[in-house]
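Inspection log for the structure reproduced underneath, given as structure tokens.
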């Protein structure tokens, strides 16, 4: 019978390190899986001053989007809440906001490679009803259907249509619609929008 080779300190440390990795690896994999499941693929931006914006974001939240309530500092919202999510699987950013909010967020998102694939103007400044002007490279027909059939609940229908939005054509398409819907106490127009990052 051959005696077992003697172990030196290096061998003991190697075995200890291997045993530690074997014990921790399942926990590390589980933690990584939890972290990736907590990162949403879509963030819905909501302006708390406007009921329509909150309803829109809520309709997206029911489909798995994370809702981000905008504070007065749009740049801080971008750098503190949106940009840190990009390396972890954020692919879409959407909202029903004022035109100025969209402008600021588009400028901030451009540097990260985002492009606006859909924009809609929802305007109550017409004599009767709401004028919807839609443009984008996604399929606009389901969005138009949600706006035309939604009547008073058009905001919620719009959110649900954007969740299911499919790619359309590479060329931008435009649609103009007119609907009868009450405006409430909100501003005279909103912009709905969807930005995407390449997957």
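The values are calculated or read from the model by the stated rules, or taken from the named source; none is laboratory data. The shown structure was predicted, so the numbers you read here are calculated from the model rather than taken from an experiment. Quick reminder, even Gly has a Cβ in these numbers, built from the backbone with ideal geometry, and neighbours come from all protein chains shown.
Of the residues 147, 175, the single one that is outside any helix (DSSP H, G or I), assigned by TED's automatic domain parsing to the domain that holds residue 54 and touching a helix residue (DSSP H, G or I) at 6+ places or on another chain (Cβ under 6 Å) is 175.
For (1) at pLDDT 95 or above; (2) more than 16 Å from the chain's Cα centre (by Cα), each residue gets a yes or a no:
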{"site": "89", "(1), (2)": "no, no"}
{"site": "118", "(1), (2)": "yes, no"}
{"site": "132", "(1), (2)": "no, yes"}
{"site": "146", "(1), (2)": "no, yes"}
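Within the set 154, 78, the sole residue that is assigned to a helix (DSSP H, G or I), closer than 20 Å to residue 196 by Cβ and modelled with pLDDT under 95 turns out to be 78. Evaluating residue 158 against the criteria (1) closer than 18 Å to residue 54 by Cα; (2) more than 16 Å from the chain's Cα centre (by Cα) leaves one unmet condition, (2).
Residues in segment 59-73 that are in a helix (DSSP H, G or I) and crowded, with 20+ Cβ neighbours inside 10 Å: 2 in all. Count of segment 94-110 residues, restricted to those that are over 14 Å from residue 83 (Cα atoms), outside any strand (DSSP E or B) and either touching a residue at least 40 places away in the same chain (Cβ under 8 Å) or touching a strand residue (DSSP E or B) at 6+ places or on another chain (Cβ under 7 Å) (or both), is 4. In segment 81-93, the residue that is nearest to residue 157 (Cα to Cα) out of those that are touching a residue at least 60 places away in the same chain (Cβ under 8 Å) and part of a loop (DSSP other than H, G, I, E, B) is 91.
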